[in-house]
Amino acid sequence: MEQMEWVNSIGNVGFPIVLVFYLLARLEKGFTRLELVIKELVDEVKRGKKIW
């Protein structure tokens, strides 16, 4: 491959990779919160409390 082909390949592949990392970083916050809420729900169910 020539140098210009390498630059084009990195340019084409680089953007999707950056986008994926950005989206994963944003989703991680949501997943962390979801995990905490599920743990709280499990604890409440174990205690026998009604949740509704």
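The values are calculated or read from the model by the stated rules, or taken from the named source; none is laboratory data. The model shown is predicted, which means the values in this text are computed figures rather than measured ones. Cβ coordinates were reconstructed from backbone atoms using ideal geometry, including for glycine residues, and neighbour counts include every protein chain displayed.
Details
- Here E35 meets the list (1) assigned to a helix (DSSP H, G or I); (2) modelled with pLDDT under 85 almost entirely, failing just condition (2).
So that you can scan it fast, the table gives a plain yes or no per residue for (1) at pLDDT 85 or above; (2) on the phi > 0 side of the Ramachandran plot; (3) touching a Gly at 6+ places or on another chain (Cβ under 9 Å); (4) outside any helix (DSSP H, G or I):
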| residue | (1), (2), (3), (4) |
| --- | --- |
| S9 | no, no, no, no |
| V20 | yes, no, no, no |
| F31 | yes, no, no, no |
| E40 | yes, no, no, no |
| I51 | no, no, no, yes |
